[in-house]
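See below for the structure under consideration.
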Amino acid sequence: MSIRDVYIVDAVRTPVGKFAGALSGVRPDDLAAHVVRSLVERSPDLDPSRVDDVYFGDANGAGEDNRDVARMAVLLAGLPVSVPGVTVNRLCGSGLEAVIQAARAVALGDASVAVAGGVESMSRAPWVLQKPERAFPAGHQQLHSTTLGWRMTNPRMPEEWTVPLGEGAELIADKHGISREQQDAFALASHGKAAAAWEAGLYDAEVVPYEGVDLARDECVRAGSSMEALARLKPVFRPDGTVTAGNASPLNDGAAALLLVDDEGLRATGREPLARIRTSAVTGVEPQLFGLGPVEAVRRALTKAGKNFGDLTVFELNEAFAAQSLGCLAEWPELDPAVVNPRGGAIAIGHPLGASGARLAGSVAHQLAAAGSGTGLAALCIGVGQGLALVLER
């Protein structure tokens, strides 16, 4: 069996909405349908019935996205009912996992044309109620929020594994001696780069606003932020801690999608590809140190591609927390930080869990196309202790 080349023809995403913000009135299945529809419409030479499968990442899936949101997106987008869809979950890495699984199907010949993406509405994530241990309980019952983090935790899990995500970031700050000022400076730079990218029109090629919603740009980007403003924010997870709302990614809503094809599919689109998928890697770490998950995944993906850090044109690293990102960067001393998130990262843009990996992969593809050539990398840390990385080239 020969392995086929896999190309990214196009990539789109919504503007990222803030929690309870502009996109909070939009169901996640409608967000997913919007990017799928927009993606297919941007390749008018491609017969939609040629799409062999749709892969979508979704981290929570406990609300309006509970019924295989990928398939619902296909139907709501108006694609032929013959187009199937599958939803995958690797928590924060779900969108990138969807891209990797779709690419694997194309590479092996199981598909010629595939759509991959991700979606999350953290605003609309519901509360859930466990079934009682016995019928007709007389006492009060507890509702669990499905927005973020551990819930209904298995009591056999060691306590050190199930700390809040922000406490995990604090542990990384301790491990690497990362100060509050360093974290705030990293966050400020993220906002500055994102604001500059929007002003320069660098996101125009990939962002497709949701019709009927007044949101043309990412809602959480703060162009006017300052070190003084960030310094006034109180630590969230420890009284004397360093992690604040200002140096962590916010809660968000959004969706992203990419069009993946082999050579035959590429001819059917009549388009030039943005980039080619090269390799991927996934690794595991201790759950409380989830933020360092990308460290080994990135090294493995680069090694498999025959590349090193010096070959990178662009590296989109998901900024779950400034401490987490700085911790990873500290373990890659040979990496030039100038290639990391040149258009801003998740601290500014936002982190709609299931969509973020697809957003990163799409952003890398568009940046490689703009550069004309090069090697790109997308990577995320993942709750419960994993890291995921994807290497692209052009």
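The values are calculated or read from the model by the stated rules, or taken from the named source; none is laboratory data. Just so it is clear, the model here is predicted, and its values are computed rather than measured. Methodologically, a virtual Cβ is constructed for each residue, glycine included, from the backbone with ideal geometry; neighbour enumeration extends over all protein chains shown. Quick note on the areas: whole protein, heavy atoms, side chains included, nothing else; ligands and nucleic acids left out. Shrake-Rupley method; radii C 1.70, N 1.55, O 1.52, S 1.80 Å.
List of remarks:
- Three-way shape label, the stretch 80-183, alpha-carbon gyration tensor, a/c 1.5: oblate
- Helical segments meeting 24 Å axial Cα length and Kyte-Doolittle 1.0 threshold in the chain (DSSP H): none
- Theoretical gain in end-to-end length, Val86 to Asp263 [0.36 nm per residue, Cα-Cα removed]: 61.4 nm
- Sorting 361-371, 109-119, 58-68 by average packing, meaning the other beta carbons within 10 Å per residue, from highest down gives 109-119, 361-371, 58-68.
- Cα-projected label distance for Ser49 with Asn154, points at 7 Å along beta-carbon direction, nm: 4.6 nm
- Accessible area expressed per residue, the stretch 115-256, with surrounding protein chains retained (probe 1.4 Å, Å²): 57 Å²
- Dipole size of the chain about its Cα centre, with +1 on Lys/Arg Cβ and -1 on Asp/Glu Cβ: approximately 380 debye, rounded to the nearest 20.
- Estimated inter-spin distance, Glu167 and Gln142, nm [label 7 Å along Cα→Cβ]: 1.4 nm
- Vicinal HN-Hα couplings computed from phi for the stretch 113-123 (Karplus, 6.51 cos²θ - 1.76 cosθ + 1.60; Hz; Gly/Pro x): 9, 9, 10, 9, x, x, 8, 7, 10, 6, 5
- Were the residues from Ala229 through Ala370 laid out at 0.36 nm apart, the gain over their Cα-Cα distance would be 47.3 nm.
- Largest-first ordering by accessible area, 1.4 Å probe, given options Asp29, Asp45, Asp214, Asp53: Asp214, Asp45, Asp53, Asp29
- Per-residue [θ]222 nm for the chain (sum of -39500 (n - 2.57) over DSSP H runs n ≥ 4, rounded to 500): -9500 deg cm²/dmol
- Taking all protein chains into account, the per residue accessible area for the stretch 1-90 stands at 40 Å² (1.4 Å probe).
- Here's the list of lysines a cross-link from Lys175 could span, going by alpha-carbon distance under 30 Å and ignoring same-chain residues fewer than 8 apart: Lys193, Lys234, Lys304, Lys307.
- Modelled FRET efficiency - R0 45 Å, Glu41 with Lys304, Cβ distances, 0.05 increments: 0.85
- Antiparallel content of DSSP bridges confined to the chain, in %, to 5: 70 percent
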